[in-house]
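The values are calculated or read from the model by the stated rules, or taken from the named source; none is laboratory data. Predicted, not measured: the structure shown is a model, and the values here were computed from it. Because the Cβ atoms are built from the backbone with ideal geometry, glycine has one as well, and the counts that use them run over all protein chains shown.
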Amino acid sequence: MKIVVAIDGPAGAGKSTIAKALADQLKLRYLDTGAMYRAVTFAALDRQVELNDEQAVAKIARECIMQIDDDSISIDGVDATKAIRGQEVTRAVSVVATNSLVRTELRNRQRRWVDENSGGVVEGRDIGSVVFPDATLKVYLTASPMVRAQRRVAQSGGDVDQIAREISERDQRDSSRSDSPLMKTNDSITIDTSNRPIDEVVMQLRRLVSQNEPAVDAQG
């Protein structure tokens, strides 16, 4: 039976680290949907396309060849793995993420990916609410703003206070956009990762998946 774990939450909540570890435990593929939006943003910036030109950016999303692995992503043959985590893309990606045409295209790609891989651990901001509303397990990860800023600085460098402000601004944009806003669904499990070891959170999620899908024990 196909197992889909939907992990949502704001930037810096630990989604990628936890989702990767959980996927490894469950012997499932892992998909970072945020990387897909970042890759489209990278391509638009690289081609000097105006990000507010919805049709032009959507054309990139529709026509690009995107190859995604657990730890890398390329778009139209260009390895964008490092570039999509840079500050330029990070500051611009919310504009692309509010583009409904882009969201429609990438949601379709995400669903195809899960079908092709017979399930997976998928992380993002609208996975449980929109992309996979019937997921085996829906999780909403969160953490305090300062912890999230400190994690981002440890990952990419920068000033903690500035990163905290940028995270707050992105939270506002992501939660207030009209198409698929960042939100916690009524049937999702909320976990605050601020002061919890990663292994402990992963173990909790493993148990929750097992409770929702007994067949997972035979796979993991």
TODO: Determine the pairs where a residue that is more than 17 Å from GLY86 (Cβ to Cβ), located within region 145-159, has a partner that is outside any helix (DSSP H, G or I) and of a type in the set (Ser, Thr, Tyr) with Cβ atoms under 6 Å apart, the partner being 6 or more residues away or on another chain.
DONE: VAL147/SER194
Open item on the list: For region 52-73: of the residues being more than 20 Å from ARG29 (Cβ to Cβ) and of a type in the set (D, E, K, R), which is surrounded by the fewest Cβ atoms within 10 Å (Cβ to Cβ)?
Closed with: GLU63
TODO: Return the only residue of ALA135, ALA56, ALA97, ALA80 being of a type in the set (A, V, I, L, M) and modelled with pLDDT under 95.
DONE: ALA97
Open item on the list: Condition first: polar (S, T, N, Q), crowded, with 17+ Cβ neighbours inside 10 Å and assigned to a helix (DSSP H, G or I). Can you find one or more residues in region 136-153 that meet it?
Closed with: no
Task: Filtered residues of region 165-220 (kept if modelled with pLDDT of 85 or more and among the hydroxyl-bearing types (Ser, Thr, Tyr)) - done: THR185, SER188, THR190, THR193, SER194, SER210
- [ ] Only residues that are acidic (Asp, Glu) and touching a strand residue (DSSP E or B) at 6+ places or on another chain (Cβ under 7 Å): list them for region 12-32, please.
- [x] ASP32
Task: Given (1) more than 30 Å from GLU200 (Cβ to Cβ); (2) part of a loop (DSSP other than H, G, I, E, B), index of the condition ALA13 fails - done: (1)
Open item on the list: Name the residue that is nearest to ARG107 (Cα to Cα), counting only residues in region 33-53 that are in contact (Cβ under 8 Å) with a residue 60 or more places away in the chain and in contact with a strand residue (DSSP E or B) (Cβ under 6 Å, 6 or more places away or on another chain).
Closed with: THR33
- [ ] Give the residue that is farthest from the chain's Cα centre (by Cα), with candidates limited to residues of region 25-56 that are assigned to a loop (DSSP other than H, G, I, E, B) and among the polar types (S, T, N, Q).
- [x] GLN48
